[in-house]
1. Cβ-Cβ under 6 Å, sequence separation 6+ or interchain: first residue in the range 113-132 and in contact (Cβ under 8 Å) with a residue 12 or more places away in the chain and more than 30 Å from Thr99 (Cβ to Cβ), partner open to solvent by 60 Å² or more (accessible area, probe 1.4 Å) and of a type in the set (Phe, Trp, Tyr). Which pairs?
2. Among the residues of the range 109-132, which ones are on the phi > 0 side of the Ramachandran plot and modelled with pLDDT of 90 or more?
3. Starting from residues that are of a type in the set (Asp, Glu) and surrounded by fewer than 17 Cβ atoms within 10 Å (Cβ to Cβ), keep the ones in the range 76-104 and report whichever is farthest from the chain's Cα centre (by Cα).
4. Which of the residues spanning the range 23-61 are of a type in the set (Val, Ile, Thr), farther than 24 Å from Asn104 by Cβ, in a helix (DSSP H, G or I) and open to solvent by less than 70 Å² (accessible area, probe 1.4 Å)?
5. Those residues that are open to solvent by 50 Å² or more (accessible area, probe 1.4 Å) and within 18 Å of Leu72 (Cα to Cα), I need them from the range 105-121; list them, please.
6. For the range 38-51, check the following and say yes or no: at least one residue is more than 16 Å from Ile126 (Cα to Cα) and among the polar types (S, T, N, Q).
Amino acid sequence: ISASSLTDSNGLHESKKSVQGDFTLSYTTLEQTKSNLRNLVLTNKGERVMHPNFGCDVYRMMFEQITPNILLKVEKEIKRQVKIWLGYVNLLKIEVAQTSPEVNRVNIAIWFALYNDTINKEMITINNVGTL
């Protein structure tokens, strides 16, 4: 499915989209950066065969008791991995919070900008990390 400008049933124009199989293609650096950040955070080390140190190990940490130290450890690991693998990303703020005291799940919010862009700041959220 590919379209440069579609009109939906309300007469509104959609932006350019292209889907091949299960994947939506990215057309801007910002869209691709969001996808790259999400993939980096949700990947455990060792999952990528040729890059065994790629990933933040967030899922592995969810098997430990969630404490303020674990939340800080997740935040530090995200910062460290972004510095290594996504050098073009300027991290502005990271929030890691437990969803509720009864479950080992966290919500992660990351505010960032691209280093060559001082105006546009973006945020991604990854909710219920730890849910399999």
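1. Hits for this filter: Tyr115/Tyr88.
2. If the condition is that a residue be on the phi > 0 side of the Ramachandran plot and modelled with pLDDT of 90 or more, then no residue fits.
3. The extreme case among them is Glu102.
4. The one that is of a type in the set (Val, Ile, Thr), farther than 24 Å from Asn104 by Cβ, in a helix (DSSP H, G or I) and open to solvent by less than 70 Å² (accessible area, probe 1.4 Å): Thr33.
5. Arg105, Asn107, Trp111
6. No, the range 38-51 has no match at all.
The values are calculated or read from the model by the stated rules, or taken from the named source; none is laboratory data. All values derive from a computational prediction rather than experimental measurement. Methodologically, a virtual Cβ is constructed for each residue, glycine included, from the backbone with ideal geometry; neighbour enumeration extends over all protein chains shown. Protein only, heavy atoms only, side chains kept; ligands, DNA and RNA dropped before computing areas. Shrake-Rupley method; radii C 1.70, N 1.55, O 1.52, S 1.80 Å.
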